[in-house]
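**Student:** Before anything else, here's the structure in question.
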Amino acid sequence: MLDERGSVELVEETDDHVDVSISQMALCDLDGCWLVEKDYKVKGEVWRVHKFDADPFPSSPHAHCVGGRDRFVGLKMHLGNAELFRGPETTGRFLGKKQFNRLIDAIRPKFPDIELPLENV
């Protein structure tokens, strides 16, 4: 809808709320570092990759499963060896090699300054 100046109004005065979907978010922390998040969908799971996450465990960057099958949601993944963690504890499981390679291939263009997969340290 155009207002009196000819500008587009995205929200009506009568709107109670606005839904916004963000698949990539860039935020700045107190030190001025950019916090970069991006979601990648691989075989039904949605992995959110964090660069400069406040908690660099299990790797920096690493991935969080934020959608998909319940057995993966809430897990974190090391981006060097595909090991899966629930919090600080290993699950003793790894993402399948084919899925891991597809995820790494999708991530590389977003983080060109990082050699992926990460070294196992």
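**Student:** Relative to the present Cα-Cα distance, how much length would full extension add between Asp55 and Asp113 at 0.36 nm per residue of separation?
**Tutor:** 18.9 nm
**Student:** Taking a cut-off of 17 Å between Cα atoms, list the lysines near Lys98, but don't count ones fewer than 8 places away on the same chain.
**Tutor:** Lys41, Lys43
Every number in this text was worked out from the coordinates using simple rules, so none of it is lab data. Everything numeric here is computed off the predicted structure, so don't read it as measured data.
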